[in-house]
Structures are given as structure tokens and as C-alpha cells.
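I have placed the structure first, in the form of C-alpha cells, so that the comments after it can refer back to it.
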Amino acid sequence: MTRSLAPRAAAAVAATLLLAACGGSPTAGPEKAGQAESGAKGNAKAAETYQRISALSGRQRTDELVKCAEKEGALSVYTSNTDIDPLVEEFSDRYDIEVSVYRGNSESVLQRVLQEQKARYHGNDVIETNALELNVAQQEGLLSPYEGEMRDAVRKEGRAEGWTATRFNTFVIGWNTDLVKPGEEPESYEELADPKWKGKLSMEIGDVDWFTALHHHFIEKGMSEQEALDLFQGIAANSQIAKGHTVQGELLSAGQFSVAISSYSHTIDKAADKGAPVAWKPARGEAVQPVVVRPNGVGLMKNAAHPCAALLFVDYELSDGQKAVADAFRVGSTEEAATAVEGLDVVTVPEQELLENPKKWDELYAKVTRAASK
């Protein structure tokens, strides 16, 4: 997904709160008015359920959750995950629970949640989306902590306040194996600033989060601010600019450039599985490091109408559901599932920094990409 995440998320909050102040939720019309509970009643019901279940573990927790969730009989998930259908289908096949799914991009999911909550309409039990939008929902006081053995199994990068990662978008350097022969693969970011790569690279226009993470990393490793900026501008000078990771992946497969600087690992792995000449790990040696990971995850709504079903869904997504994540070539969030990044130097996107200083990082990355090849 192409995005300038920080400012767009901030704008979503402001715009949605303004719209909500002017009227009710678009999904809470007269025909659904009876579905909306009072805020206090909904919060109390969900809080009691979450607290009661969190005190249980193992088979006792699962048995109690299944009994309670199937009695509720329904679950509403709002998500930006384009690969969620197989997981929902498997969950519905396993349990006698009717699942409704609203899917949109991360900004529209956040907008819908904020607007409905402002209108005191509790349309979803679970929100499943990108880290930045989940952090906004947490700041707005909409999420309830998720606790238990499943969360404890998640990598530390994915255990956030108020929500838990279900998968990681992993930014990697990928290449076209027809154009970059074995032994010629890039070994460092610094190497990609060399003029020998002129016109052979690609950067993605919206990767502010990737840039911010690596910028912080290079500063921590001893670079000055100017040295870090010079490095990125040197890479950009060798790069074509792509809009969207899907488009970038297609162009890489077609040989429009040799190397994609910040591709998603699952984009490359999916293409390679279909026979495209692309890779991000050399046959010998290691991937270019560090790799940047951005968690995408799930949050429990404080006023969920179906709190048992919500908990059961999160438990499932972090256990057996991780297979569906892997089948979509995505990097799972548990230590067991995140084998693609095992042993690699991993840095995480500084989400709080992007929330607090979106304009700074947007402008700095725009300055970098202006140095790109014409």
C-alpha cells in the first residue's frame, strides 16, 4: 500500500472527529439503532469478560471461550488486511460463529471506527490494521489490553500497548535475478550509493516509515545527521521512483530496474513463487541488513458487543491462524512463525515518533526522493 502514513493518519483523526461531531455514524441508521448499546454498559460487559477470560489459560481458557463465543454467535472485524479471507473462513468453519468483515485501507478503517465510536455505535469487536492506526485507536482510549499465553509468544517488536501484532510487513532489498547475477547482489545500503547503480534502483514514494526507521538506525550506529541524509540522497540519485509496492514489485519482475530498495518481503516471495526472477536472499551469504519491520496487528474494542468471540478470534489468529499468514507469504508475529527474519538484524518503525512529528519526516523523505533519477 502506498501511503504517507504519519500525516494521513493524523488527518484521519481530525477529519473523522469533525465529521462525527456533525452527525451520526453512516452505518448506524434507524434499521441498526437497536444494535447500539450505551457506552457504559458496553464497556462494563466487555471489561468483565476480558478480565474473566484473561485469568484462565490452556484448555480451560479455550473451552470457556468457545462456549461463550458460540453463545454470542457473531463477530465483527474491521480490517485492512487484504489476505484475511482464508483466516476468517477457517475460523468460521471451526466455530459456530457468523463473522462479518469490513475491509478498507488502513485510513478508512480508522475513520470508520472513530466516527462510529463518536456516535456511540459499536460496530466492530476487533480492529485489525497497521501499527500507526492502531496506536491512534489506543490513544483515543478505544482498545482493551489483550493478555495471555498467545501474546507472550509474539516477538517483542509486536507487543504494543493496547494491541498485538499478528504479522510484520518486512522491508527488504530485493533484486531481479536476471539482471543481478549470483555474487553481484548488493551487500549494504552504503554500496547502493555508488554511481555504478545509476538508474538501476527503485525507491517507493510513500516509504516514510522505512526511511525514518533506517535514519534512526544509522544515527545510532554513529553517523551524523548530514551523513545519513547524504547516504539516502546518494541512493536516491541512483533510483527511479515507484508509487506503490505492488507496482514496484511488478516492475522489478519485468526488469524495469535491477534492485528495489524497500520492497515488502511477501511481495517478492509471492512473485518468486509464481516464477518471477526475483529474490531478496542470495543463494549464498546474507540478506542486506538491517531489515525494517512494521507490525500490523489486532486490537480488542473496549465496548465490543461480542467480547468472547473477539478474544477467541485473536487467540486463533496468534496460534493456528499463523499458518494462513504464512500461506500468504507474510511474516508471522510469533517467534515460531517469524522464521523469515530469524537471525537477521531487525529494526522497527518508530511509530510514536511518526505520530508526534509527521511533517518533519514527510518533508525530509520528500527532500531525499527529489534527488532521484529523472
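A few points about this structure:
- Candidate set: the range 270-284, residues that are under 18 Å from Pro186 (Cα atoms) and not in a strand (DSSP E or B); chosen: the one nearest to the chain's Cα centre (by Cα): Trp280
- Any hit, the range 298-315, residues being assigned to a loop (DSSP other than H, G, I, E, B) and aliphatic (A, V, I, L, M): yes
- Filter pass, Val180 being modelled with pLDDT of 95 or more and buried (at least 21 other Cβ atoms within 10 Å of the Cβ): no
- Hits in the range 256-269 (condition: in a helix (DSSP H, G or I) and touching a Lys or Arg at 6+ places or on another chain (Cβ under 7 Å)): His266
- Within the range 317-333, the set of residues being open to solvent by 10 Å² or more (accessible area, probe 1.4 Å), under 19 Å from Gly148 (Cα atoms) and not in a loop (DSSP other than H, G, I, E, B) comprises just one member, Gln322.
- The range 128-148, subset closer than 15 Å to Ala46 by Cα and aliphatic (A, V, I, L, M), residue surrounded by the most Cβ atoms within 10 Å (Cβ to Cβ): Leu143
- Flag: Glu336 does not match the condition of being in a loop (DSSP other than H, G, I, E, B), touching an Asp or Glu at 6+ places or on another chain (Cβ under 9 Å) and either at pLDDT below 95 or of a type in the set (Phe, Trp, Tyr) (or both).
- Looking only at residues in the range 249-292 that are without any contact (Cβ under 8 Å) to a residue 60 or more places away in the chain and of a type in the set (A, V, I, L, M, F, W, C), the one that is surrounded by the fewest Cβ atoms within 10 Å (Cβ to Cβ) is Ala254.
- Test: residue in the range 238-261 that is in contact with a Gly (Cβ under 6 Å, 6 or more places away or on another chain) and either more than 27 Å from Glu353 (Cβ to Cβ) or modelled with pLDDT of 95 or more (or both): yes
- For the range 92-108, a residue qualifies if it is in contact with a Lys or Arg (Cβ under 8 Å, 6 or more places away or on another chain) and either part of a helix (DSSP H, G or I) or among the acidic types (Asp, Glu) (or both), and the qualifying residues are Ser106, Glu107.
- Filtered residues of the range 230-246 (kept if part of a helix (DSSP H, G or I), open to solvent by 10 Å² or more (accessible area, probe 1.4 Å) and among the β-branched types (Val, Ile, Thr)): Thr246
- Taken together, the criteria exclude Leu344 from residues that are aliphatic (A, V, I, L, M), within 26 Å of Ala228 (Cβ to Cβ) and either at pLDDT 95 or above or outside any loop (DSSP other than H, G, I, E, B) (or both).
- Matching residues, the range 156-200, being in contact with a helix residue (DSSP H, G or I) (Cβ under 6 Å, 6 or more places away or on another chain), closer than 22 Å to Gln248 by Cβ and assigned to a strand (DSSP E or B): Arg167, Thr170, Phe171, Val172, Gly174, Asn176
- Total residues in the range 52-102, condition without any contact (Cβ under 8 Å) to a residue 40 or more places away in the chain, crowded, with 16+ Cβ neighbours inside 10 Å and basic (Lys, Arg): 0
- Filtering the range 355-374 to residues that are in a helix (DSSP H, G or I), surrounded by fewer than 16 Cβ atoms within 10 Å (Cβ to Cβ) and within 23 Å of the chain's Cα centre (by Cα) leaves Glu356, Lys359, Lys360, Glu363, Ala366.
The values are calculated or read from the model by the stated rules, or taken from the named source; none is laboratory data. Keep in mind it's a predicted model, so treat the numbers as computed, not measured. FYI the Cβ positions are ideal-geometry reconstructions off the backbone, even for glycines, and counts take in every protein chain you see. Ligands, DNA and RNA are stripped out before the accessible areas are found, and what is left, the full protein with its side chains, is counted by its heavy atoms. Shrake-Rupley method; radii C 1.70, N 1.55, O 1.52, S 1.80 Å.
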